[in-house]
Amino acid sequence: MGWDLPFYELLGFELVDTDRCIPIGWCRMHCEGSAVMLLRAEEPVNPEHQPVLFYMYTADLPALREHLISNHIEVSAIQYPDHGPSGEVSLNDPDGYRLGIVHWGEKEHSEWLMRIGRASV
């Protein structure tokens, strides 16, 4: 898992806690009110057999995509699917897990608040 830390730092996460073991057995990372906990697997993991997709949001998808590309991370072109009309990219983390990242700015947040009935009047 130590090899994943720089990758998740490129996504904006900051390391906030570990078990202080070498190599690290687990860590907690935060990013603007969000958190992710990474655990070292005790046995080999095959991401192709993991029924999970990690989905994240960013306020500036084009800038994040360019940042990842400039750091030699392979990332898809921005797509505009029905569930992410403002844009979405996909990439793999160093262990092969698939990540989806969608643009979520003020416009998307305001529309979501209205949809769930929490928009301020």
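The values are calculated or read from the model by the stated rules, or taken from the named source; none is laboratory data. Quick caveat: nothing in here was measured; it's all calculated off a predicted structure. As a convention, Cβ positions derive from the backbone with ideal geometry for all residues, glycine included, and neighbour counts pool all protein chains shown.
The set of residues from the range 1-53 being aromatic (Phe, Trp, Tyr) and either farther than 23 Å from Glu88 by Cα or in the same structural domain as Ile101 (by TED's automatic domain parsing) (or both) comprises Trp3, Trp26.
Among residues of the range 8-33 being touching a residue at least 12 places away in the same chain (Cβ under 8 Å) and of a type in the set (Gly, Ala, Ser), the one that is nearest to Asn71 (Cα to Cα) is Gly12. Highlighted here are the strands (runs of 3 or more DSSP E) found entirely within the range 6-66 that include at least 3 residues which are touching a Lys or Arg at 6+ places or on another chain (Cβ under 9 Å): 14-18, 34-39.
For the structure I just gave you, tell me whether Gly87 is in contact with a Phe, Trp or Tyr (Cβ under 8 Å, 6 or more places away or on another chain) and on the phi > 0 side of the Ramachandran plot. Yes, satisfied.
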